[in-house]
């Protein structure tokens, strides 16, 4: 009598609740402390719901360099071109200092390999060939990039090329870049995977060639997930994402003066945010929530408890933590080990924690005053 239909409904409800929070309006949080930046002229750190935890000149329009390739990848994936498509590579003219995979005119490469080299190694030649395959020309592809930026609400961004090499009129802002990065990580599994992958080996001009990631924080910073570096003369950038203890952060730094400075400032932003969050216990299986009558003997009852200890990271200067709880109504006949409820905690649209509630494996004797309309234990969901 585990009521599989009820369990399925509860799990679906949890999924709907989680997904709905991702589209809630973002907030700007205040804090009494600030991260220590070393070089970034513009910077921002947001949580996984898009809430701004801290920013510095985040709307300033500046060169974003190869972070551009995240938009290139999204537009390419939107096109539906198969990863197995064999692309004919033509003549290419790029700045002699541009980062290149080394593809030669007259050779071929699969669309998937070009995408991988573009995202992992930041190869400008690969990005150009991707654009040509999708739209026939770089200019036509750039039009698609700007359309996508408008759709995402990137009001301080304009693209002039597909790779990010310096060009008048090619710019973005830290605030826009975290919008793009968050959208890419949530909606494009291929991008999420590739920005966390290194090395890769692909065929270049008939030779198996390995490429390392340009993200030097990968493997060094705890919880680092990516996503994209950028560099032009005298200006280094980085769009980052990491996750720890149920908290996902997105950062962007622009206008750094050194290669490592962009990573150091990213570390400082993330460390500051993680240190500012506080841990809160939301639910614990040590205490019951409700008791229900045992289906086969009214002299016994089943105790409903949280399935596991549930902790959540809470932003101290954010809105109150709220919860949505659905449990079986009082008096429902049940048996041990039956899942009868779920609860989801949120703060300003960000999911703080979730748990399901299941009746314990052991029965308890029914109190003489009757269990059916009484909460005999602490209701832990109210602790939020």
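The values are calculated or read from the model by the stated rules, or taken from the named source; none is laboratory data. From a predicted model like this one, the values you see are computed outputs, not experimental measurements. All Cβ positions, glycine included, derive from the backbone under ideal geometry; neighbour counts span all protein chains shown.
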Next on the checklist: within 17 Å of residue 228 (Cβ to Cβ) and either assigned by TED's automatic domain parsing to the domain that holds residue 211 or surrounded by fewer than 24 Cβ atoms within 10 Å (Cβ to Cβ) (or both): which single residue out of 134, 120, 142 fits that description?
Outcome noted: 120
Item to check | Unique match (being assigned by TED's automatic domain parsing to the domain that holds residue 195 and assigned to a loop (DSSP other than H, G, I, E, B)) among 77, 53, 92 | outcome: 92
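Listed here are the residues, each with its yes/no results for (1) within 16 Å of residue 294 (Cα to Cα); (2) modelled with pLDDT of 90 or more.
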residue: 313; (1), (2): no, yes
residue: 323; (1), (2): no, yes
residue: 333; (1), (2): yes, yes
residue: 341; (1), (2): no, yes
residue: 353; (1), (2): no, yes
residue: 366; (1), (2): yes, no
residue: 373; (1), (2): yes, no
residue: 382; (1), (2): no, no
Checklist entry - List the pairs whose first member sits in the stretch 257-283 and is at pLDDT below 95, whose second member is assigned to a helix (DSSP H, G or I), and whose Cβ atoms are under 6 Å apart, counting only residues at least 6 apart or on separate chains? => result 283/380
Next on the checklist: I'd like the full set of residues that are surrounded by fewer than 16 Cβ atoms within 10 Å (Cβ to Cβ) and in a strand (DSSP E or B), limited to the stretch 210-242.
Outcome noted: 210
Checklist entry - Restricted to the stretch 136-150, and to residues that are assigned to a helix (DSSP H, G or I) and either free of Cβ contacts under 8 Å to residues at least 12 places away in the same chain or touching a strand residue (DSSP E or B) at 6+ places or on another chain (Cβ under 8 Å) (or both), which residue is nearest to residue 238 (Cα to Cα)? => result 149
Next on the checklist: I'd like to check something: does the stretch 151-168 contain any residue that is in contact (Cβ under 8 Å) with a residue 24 or more places away in the chain and out of contact with any helix residue (DSSP H, G or I) (no Cβ under 8 Å at 6 or more places or on another chain)?
Outcome noted: no
Next on the checklist: Filter the stretch 211-228 down to the residues that are closer than 27 Å to residue 167 by Cα and touching a helix residue (DSSP H, G or I) at 6+ places or on another chain (Cβ under 6 Å) and list them by number.
Outcome noted: 211, 213, 216, 227, 228
Checklist entry - From the residues in the stretch 169-183 that are outside any helix (DSSP H, G or I) and in contact (Cβ under 8 Å) with a residue 12 or more places away in the chain, which one is surrounded by the most Cβ atoms within 10 Å (Cβ to Cβ)? => result 172
Next on the checklist: If the requirement is being surrounded by fewer than 22 Cβ atoms within 10 Å (Cβ to Cβ), at pLDDT 95 or above and in contact with a helix residue (DSSP H, G or I) (Cβ under 9 Å, 6 or more places away or on another chain), which of these qualifies: 69, 56?
Outcome noted: 56
Checklist outcome for this item: Subset of the stretch 256-270, residues in contact with a helix residue (DSSP H, G or I) (Cβ under 9 Å, 6 or more places away or on another chain) and either under 24 Å from residue 347 (Cβ atoms) or in a strand (DSSP E or B) (or both), comes to 256
Checklist entry - Given the conditions (1) surrounded by 17 or more Cβ atoms within 10 Å (Cβ to Cβ); (2) out of contact with any strand residue (DSSP E or B) (no Cβ under 6 Å at 6 or more places or on another chain); (3) within 25 Å of residue 250 (Cα to Cα), which single one is not true for residue 186? => result (1)
Checklist entry - Looking at the stretch 77-96, is at least one residue within 22 Å of the chain's Cα centre (by Cα) and surrounded by fewer than 22 Cβ atoms within 10 Å (Cβ to Cβ)? => result yes
